[in-house]
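What follows is a short report on a single structure.
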Amino acid sequence: MSAYSKTPGPLLDVAVLLGRSLRHSARSVDATISAIVLPLLILCVFVFVFGGAIDRGGEYLTYVVPGVIVLCAAFGTASTAVAVNQDMTTGVIDRLRSLPVVGSAVLAGHVVASVVRNVVSTAVVVAVAVALGFRPVASLPDWLAVLGLLVLFMAGVSALSAAFGLLVSSAEAAGGLSFVLLFLPYVSSGFVPPETMPAVLRGFAAHQPMTPLIESVRALLLGTPVGSSAWLTVAWWGGFGVLGAVAAGLLFRRRAR
Amino acid sequence: MAYTIEVEGLRKSFGDRPVLAGIELQVAPGTVAALLGPNGAGKTTTVKILSTLLRPDAGRVVVAGVDVVGAPAEVRRRISLTGQHATVDEVLTGRENLVMMGRLRHLTKAVARERAQALLERFDLVEAADRRVSTYSGGMARRLDIALGLVDDPVVLFLDEPTTGLDPRSRRDVWDTVAELAASGVTVLLTTQYLEEADRLADTISVLADGRIAAAGTADQLKALIGGETVELVLPDEAALAAASALLVGGRVDGLSLHVRTDGTAAGVREVLEVVAGVPVLRVAVHRPTLDDVFLQVTA
């Protein structure tokens, strides 16, 4: 019997590196706590602190949950930048580059692990929202569509984060991306309707790439017409995903030290 | 004879800063070669090119019979690189690190586990096998690091400064490990800034300075380059130094010390001392040439 596995190399590489990343997540208690607790805190702040003051002519909880889901997914997946950067600064990337492992497998391992982590924390957010009184009317295909769009979004942000993590020189700089992604959803339709914003922000909020995602998730969960927002989401985040993957792939091989 | 590592005219610049200005290197199968040089001499750059991490600007580099530019993927299957800093995964256990590395070299799960166990035993890490690497001492982490390179029987093992930052005891452990590896037939290229280390471990030594091989050969050949033993006479002042230098023509002056060649016998040393009998000498020492002397001479 051969000592070598019959599984095609790249698939095996992704599976092994995914296992590694998930072990990292499971063992870093603080990261896991913040991945679960932070989204819940954000949800509670919007529902109980701001919720009373923001009058939407309906239940604010219902309006804000899709925004919080996307906010948490954006913040959570941005941590990919830190994980990739740590691999680079600690020499793990150099070691992997000296192995018969294809570069895209290293990247894919990080991206898939990030998606898995964030699907879990999104599930927690949804469960708590439901406990607080959020009542989605989505059918099973709607839920699957929501999941599909969110996974695409998470993969897109993760790929961009991975490229960013390879580009910057320290984990601190890589961590900065999380804050950009933490604030970006606020200027969208996630928390307040763009019509209420000043003209300068209104255009950006109505058209930035997170808005169609938030609109799609909201429409699918609440049973309103999705319109073109789902396709816009696929175009934006599929595009960002490809961009991030290509950039990260090039940076992975080119990176001199 | 076919060399396991053959490097001819290797050049590399970063921007307009030349780092390697034409390196020549041959390493015979199953031997340990040392690249010796100060920080910034180009040791790590050389290892990175030989292990396919960097592309050379010019020159021919053949490792384990394969051209590193023409078929890097083939080279990666035959080599193993242990970098300058321990690149073990601190969050995983020692065993998990080894199994992961085996899987990344596409071994089956069963074989990867078997090899991991064998390496844990060989590197004296059985007790710590299922502890996270973050709890390991520097020496243990470095041993694991080297073990990770051996999961799939590489033809060539690159060790970039394997003992930098280790305490003396751990350093000795790593030396023993490298000596064992050499005995098992793997070809090793290691870089070091410690002359003692190169002297102890390597069959051949190449001294790298300013991007060139300043000298190469066995430790004995290199020592022979600068001649035999010397007697060092330490004198109290300039006047005594001048007097001693006048009596012992051809000696080398270094501060208030005078170094004179000798054959190392008692008679030889006595002869030197008799010549300077009238000069006050503070201290006398006999030096065997060390690689430090070689190093200082060829890089001067």
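The values are calculated or read from the model by the stated rules, or taken from the named source; none is laboratory data. As the structure is a prediction and not an experimental result, all values here were calculated from the model. Please note: Cβ atoms are built from the backbone with ideal geometry, for glycine as well, and neighbour counts cover all protein chains shown. Only protein heavy atoms, including side chains, enter the accessible area calculation; ligands, DNA and RNA are left aside. Shrake-Rupley method; radii C 1.70, N 1.55, O 1.52, S 1.80 Å.
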Near pairs, Cβ below 9 angstrom, 6+ apart or cross-chain, from segment B:60-85 (more than 16 Å from B:Thr46 (Cβ to Cβ) and within 12 Å of chain A (Cβ to nearest Cβ)) to any residue that is in a strand (DSSP E or B) and open to solvent by 50 Å² or more (accessible area, probe 1.4 Å) = B:Glu74/B:Asp67
If A:Thr224 satisfies every condition in (1) open to solvent by 40 Å² or more (accessible area, probe 1.4 Å); (2) part of a helix (DSSP H, G or I) but one, which is the exception?
-> (2)
Going by the structure shown, is A:Thr7 open to solvent by 10 Å² or more (accessible area, probe 1.4 Å) and either at pLDDT below 85 or away from every other protein chain (no Cβ under 11 Å) (or both)?
-> yes
Determine if segment A:113-124 includes at least one residue that is in contact with a Cys (Cβ under 7 Å, 6 or more places away or on another chain) and either modelled with pLDDT of 90 or more or not in a helix (DSSP H, G or I) (or both).
-> yes
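On the basis of being modelled with pLDDT of 85 or more and either open to solvent by 10 Å² or more (accessible area, probe 1.4 Å) or aromatic (Phe, Trp, Tyr) (or both), does A:Val180 make the cut? Break it down stepwise before answering.
Values: modelled with pLDDT of 85 or more: no; either open to solvent by 10 Å² or more (accessible area, probe 1.4 Å) or aromatic (Phe, Trp, Tyr) (or both): yes.
Criteria not met by A:Val180.
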Look at segment B:50-90 and say how many of its residues are closer than 22 Å to B:Met140 by Cα and open to solvent by 50 Å² or more (accessible area, probe 1.4 Å).
-> 3
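So, in segment A:1-46, of the ones that are charged (D, E, K, R) and within 23 Å of the chain's Cα centre (by Cα), which residue ends up farthest from A:Tyr63 (Cα to Cα)?
The initial filter retains those residues of segment A:1-46 that are charged (D, E, K, R), namely A:6, A:13, A:20, A:23, A:27, A:30.
Then keep just the ones that are within 23 Å of the chain's Cα centre (by Cα); that gives A:13, A:20, A:23, A:27, A:30.
Values: A:Asp13: 42, A:Arg20: 38, A:Arg23: 36, A:Arg27: 35, A:Asp30: 30 Å.
Top of the filtered list is A:Asp13.
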Of all residues in segment B:94-105, which are crowded, with 20+ Cβ neighbours inside 10 Å and either over 20 Å from B:Val155 (Cβ atoms) or more than 7 Å from chain A (Cβ to nearest Cβ) (or both)?
-> B:Gly94, B:Arg95, B:Asn97, B:Leu98, B:Val99, B:Met100, B:Met101, B:Gly102, B:Arg103
Qualifying positions in segment A:183-210 - under 14 Å from the mean Cα position of the chain (by Cα) and open to solvent by less than 30 Å² (accessible area, probe 1.4 Å) = A:Pro185, A:Pro209, A:Met210
Any chance you could count how many residues in segment B:106-134 are surrounded by fewer than 23 Cβ atoms within 10 Å (Cβ to Cβ), at the interface with chain A (Cβ under 9 Å from one of its Cβ atoms) and touching a residue at least 12 places away in the same chain (Cβ under 8 Å)?
-> 2
